[in-house]
Amino acid sequence: MATIRQYFETDFDYCLRVKIKYDLGGDSYEGAVLYDASAKSAFVAFYFPGAAHTCESFLTFLRSLNYGETGLNLNGEIVLPSAKQFPGQLRVENSNPFVIHYQLFGDPSWRDLFSIHTSRRVFFYSETNLSPSDIERLQSEADTMGHDLQFRADRYAFGRSQFEKPQAFISHDSKDKESIARPIALNLQRKLCPVWYDEFSLKLGENLRQSIEKGLKECRKCVLILSPNFFVNNGWGKKEFESIFTREILEEAQLVLPIWCGVTKHEVYEYSPSLLNVKGVDWSALGEDEVCRQIYIAVTTAA
């Protein structure tokens, strides 16, 4: 099952996402301002890690939010909306200040995306699970403060993902997680392509072997991140490769999508001669967007 963290990062892919940090009481909370050009509305979402939050702590957080007054710290990251989901086009000007104009299909004029006013819609993505009565109280008191709150935790994640199966399994060495595996996982999720990725798909206390084997059995394709780190990993990386290779033999199908990351043909041959017969893509030469575009096409058009 996908985690609440995963949905926090991939929900609202039709919006422009401006990542923020919000400091309160010595703690820093991760959030985003989301700009919906179609509805001409902006709203905020916050992520609350850990299971120690209470209804009272969420209420304290809400009371601290004063529209037009509360300081939100930009962390320098802006995520453009999915081209597949955005009903128009964007024009980005890398100036100071940063400017983005949008034009909806059928609209003759361009508009400033950042001129859209922030609504009072607030989304909480929480690893703490509140009882239904606490959620009702939280939403009721939020209403009195002028907030339109939706609280999203495990029940939300379960409802969203119970019918989803991973389309792509991302096999990688842990040293390549931040620079390659995680960007691929997030990019594919924004394209509405569910993935099995350990950071998102493994929950505390879950059986590692069973979860990995389930993901490998259910996925349509296995994205294999071939790097010097992967080649010297004799742990789970090697087991995952052997499992998907065995499934290829059983189903007589091509399931592996190799992503070459700083490796040579000779190194790939030494690891597995059969991999040289499979067309891969070069991460360094093509970059994240093009690599993920090709992965998406390969996964979604698989028989």
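Odds and ends about this structure:
- Exposure proxy shown here: for T10, T128, T264, the number of other Cβ atoms within 10 Å sets the order, fewest to most, as T264, T128, T10.
- Neighbourhood net charge (11 Å Cβ-Cβ; Lys/Arg +1, Asp/Glu -1) for A37: -1
- Checking (1) 32.3; (2) 18.4; (3) 14.6 against mean projected area of the Cα convex hull in nm² calculated from these atoms, the matching label is (2).
- Charged neighbours of A83, selected by a Cβ distance under 15 Å, balance to +2 (K, R count +1; D, E count -1).
- Counting only DSSP H runs of at least 4 residues, each contributing -39500 (n - 2.57), and dividing by the residue count of the chain, the helix-based mean residue ellipticity at 222 nm comes to -10500 deg cm²/dmol.
- Summed side-chain charge close to V263 - residues other than V263 whose Cβ falls under 13 Å, Lys, Arg +1, Asp, Glu -1: -4
- In order along the range 175-181, the Karplus-derived 3J(HN,Hα) couplings, from 6.51 cos²θ - 1.76 cosθ + 1.60 at θ = phi - 60°, round to 6, 9, 5, 5, 7, 10, 5 Hz, and Gly and Pro are given as x.
- Positive-pole candidate from S82, Y125, T10, dipole of the range 4-160, charges at beta carbon: S82
- Kirkwood Rh and Cα Rg combined as Rg over Rh, evaluated for the range 165-300: 0.92
- Every Cα-Cα pair in the range 4-160 was counted, and those over 19 Å apart are 57% of them.
- Axis angle, to the nearest 10 degrees, between helix 236-251 and the longest C-alpha principal axis of the chain: 70 degrees.
- Mean separation of Cα contacts under 8 Å, 6 or more apart, over the residue count of the range 4-160: relative contact order %: 28 percent
- Residue of P273, P49, P258 that the Gaussian network model of the chain assigns the largest fluctuation, springs spanning Cα pairs under 10 Å: P273
No value in this document is a laboratory result; all are computed from the given coordinates. All values reported here derive from a predicted model rather than from experimental measurement. Cβ: placed from backbone, ideal geometry, glycine included. Neighbour counts: every protein chain shown.
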